[in-house]
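The values are calculated or read from the model by the stated rules, or taken from the named source; none is laboratory data. Quick caveat: nothing in here was measured; it's all calculated off a predicted structure. So basically every Cβ, Gly included, is an ideal-geometry build from the backbone, and we count neighbours across all protein chains shown. Surface areas here come from the heavy atoms of the whole protein model, side chains and all, with no ligands, DNA or RNA. Shrake-Rupley method; radii C 1.70, N 1.55, O 1.52, S 1.80 Å.
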Amino acid sequence: MAEPLRLGVAGLGTVGASLVRILAEKHNFLTDRCGRVIEVVAVCARDRSRERSVDLSAMKWFDDAVALARDPAIDVFVELIGGDSGPAHDSVVAALDAGKHVVTANKALLARHGTELAMKAEQNGLILNFEAAVAGGIPIIKTMREALTANSVNRVFGILNGTCNYILTRMEREGISYDDCLAEAQRLGYAEADPTFDVEGFDTAHKLAILTSIAFGTKVAVDEIYVEGISNITPADIQAAYDLGYRIKLLGVAQKTDTGIEQRVHPTMVPFDSAIAQIHDVTNAVAIDGDIVGQLVLSGPGAGGDATASAVAGDIADIAKSRPGQQYAPAFGAPAAQLAPYRQARMRAHAGGYFIRINVHDRIGVIASVATRMANENISLASIVQHTPAKQEAAKKQDDHQTIIMVTHKTTELAIRNALEKIGEDGHLVSAPQMIRIEN
Ligand code: HSE
């Protein structure tokens, strides 16, 4: 049997603790599968005294992740610290410089520095694996990087944040408040240390940046992503979407267009009967439109300790099965030096249908004026209704406001923004308009 594969694990939070426990519980099983013992020989975390329900007694303790990354006693550095700079970044660079393979679940790090890290790994003949960085337990990286190599991808999109999907699902299904849903997602270990990363869409953007690079063979370009989160989605939007036959999901979408590649993250209305509308709670789903395979949809648990640790363990097992001297697959599918510059499509050129909800003063001619502003921008309306749900009746009498809901046929982002600006200038609005893109 080959020599044991010795791991140094940095970060013992939800995922790190799950990983150490799973590797201990499945020791014999993994040894049989990999033909080699996998052992955690050293760990590093901020707080040594914290209770983690895992036995760390046989492992060397480090307070400094960089020192662990350079320790000659390890073969693989497993980075589960998180964050795109500081100890996470420095320790991964140190590990690659010291000739260690790296496994990481750190989407922020890869979104920001993925191209350079992949280059360094390739130059040093090392593996950089990051299956757990996108969509938790779903094997989307290997699927796109390896199984779909022969496909040209036209679009990749999905629900990439478990916390947001959990919040939107419970708001729709049980009418629970946004704040209560978020608190529960945090308690269950789904949310990031700073949950604004989840609800404002940045976590989805980090994951989308990685998928875009693999799908289109481009350098990772997280700063070019249009990002809107879910924090201004109200129960009224969810109800209106439902009445129109849609669900609201936070989607990350990367799509080839005539002017470049669109990368966008925003709340999206998806038809009830679409595959993506059936994805509930913390589940993630990724759909890939390939020219040979057609559309592929993968779904599964997108967050949580065990689901994410499952992907990390798979990456470690791949390294255990590899042999020294072997040419390793490039981290982003194509050799890092050949990744093309990312050519960004302008968001204002985005074409699609739109849902618009505006609160207006209840006056003669408001609907006519709104409809004229839309027509002036060549926007064709699929429907326009003055919507007064029963619950609003009482409020209406006091404040003399009405809600108008419009759904457009395919138009452009620029046309919608121009029309909304003009409607605002006309003085009919009592609050900022709500605009949600529709994806069919
Ligand atoms: N906070 C992330 C989520 C964890 O909710 O999906 C997985 O990246």
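Got a number for residues in the stretch 145-169 being open to solvent by 50 Å² or more (accessible area, probe 1.4 Å) and out of contact with any Lys or Arg (no Cβ under 8 Å at 6 or more places or on another chain)?
The number of residues fulfilling the criteria is 5.
Scanning the stretch 112-166 for residues being within 24 Å of Arg323 (Cβ to Cβ) and either touching a Leu at 6+ places or on another chain (Cβ under 9 Å) or in a helix (DSSP H, G or I) (or both) gives a total of 20. Taking the stretch 310-322 as the range and being open to solvent by 20 Å² or more (accessible area, probe 1.4 Å) and closer than 16 Å to Val78 by Cα as the test, the residues that pass are Ser310, Gly314, Asp318. Does Lys107 count as of a type in the set (Lys, Arg), more than 13 Å from the ligand (Cβ to nearest atom) and assigned by TED's automatic domain parsing to the domain that holds Ala329? So Lys107 does not fit the description; no.
Within this structure, Gly252 fails the test of being closer than 24 Å to Phe332 by Cα, at pLDDT below 95 and touching a strand residue (DSSP E or B) at 6+ places or on another chain (Cβ under 6 Å).
State which residue is most open to solvent (accessible area, probe 1.4 Å) when the search covers only the stretch 183-200 and only residues that are of a type in the set (Gly, Ala, Ser) and within 12 Å of the ligand (Cβ to nearest atom). For the stretch 183-200, the residue satisfying everything is Ala193. Of the candidates Asp203, Asp180, the single residue that is away from the ligand (no atom under 11 Å from the Cβ) and of a type outside the set (A, V, I, L, M) is Asp180. Identification of strands (runs of 3 or more DSSP E) wholly contained in the stretch 259-309 with 1 or more residues that are of a type outside the set (Gly, Ala, Ser), open to solvent by 50 Å² or more (accessible area, probe 1.4 Å) and in contact (Cβ under 8 Å) with a residue 40 or more places away in the chain yields 294-301. Here's a check for you: in the stretch 220-258, which residue that is in contact with a helix residue (DSSP H, G or I) (Cβ under 8 Å, 6 or more places away or on another chain) and without any contact (Cβ under 8 Å) to a residue 60 or more places away in the chain is nearest to Thr115 (Cα to Cα)? The extreme case among them is Ile225. In the stretch 231-259, of all residues being touching a Lys or Arg at 6+ places or on another chain (Cβ under 8 Å) and among the polar types (S, T, N, Q), the one that is nearest to Asp180 (Cα to Cα) corresponds to Gln255.
Checked against the criterion of being in a loop (DSSP other than H, G, I, E, B), of a type outside the set (A, V, I, L, M), away from the ligand (no atom under 16 Å from the Cβ) and surrounded by 18 or more Cβ atoms within 10 Å (Cβ to Cβ), the candidates Gly325, Gly333 yield just one match: Gly333. So which residues in the stretch 320-365 are among the β-branched types (Val, Ile, Thr) and in contact with a helix residue (DSSP H, G or I) (Cβ under 9 Å, 6 or more places away or on another chain)? Passing the criteria: Ile356, Ile358, Val360.
A single entry from Asp71, Asp32 fulfils the requirement of being more than 31 Å from the chain's Cα centre (by Cα) and touching a residue at least 40 places away in the same chain (Cβ under 8 Å): Asp71. Counting the residues of the stretch 294-322 that are more than 16 Å from the ligand (Cβ to nearest atom) and out of contact with any strand residue (DSSP E or B) (no Cβ under 9 Å at 6 or more places or on another chain) gives 2.
Condition test on Val407, is it over 27 Å from Asn440 (Cβ atoms), at pLDDT 90 or above and either in a strand (DSSP E or B) or basic (Lys, Arg) (or both)? For Val407, the condition - over 27 Å from Asn440 (Cβ atoms), at pLDDT 90 or above and either in a strand (DSSP E or B) or basic (Lys, Arg) (or both) - is not met. The set of residues in the stretch 336-348 that are among the hydrophobic types (A, V, I, L, M, F, W, C) and open to solvent by 70 Å² or more (accessible area, probe 1.4 Å) contains only Ala337.
For the condition under 18 Å from Asp198 (Cα atoms), open to solvent by 30 Å² or more (accessible area, probe 1.4 Å), modelled with pLDDT of 95 or more and not acidic (Asp, Glu), Lys142 does not qualify.
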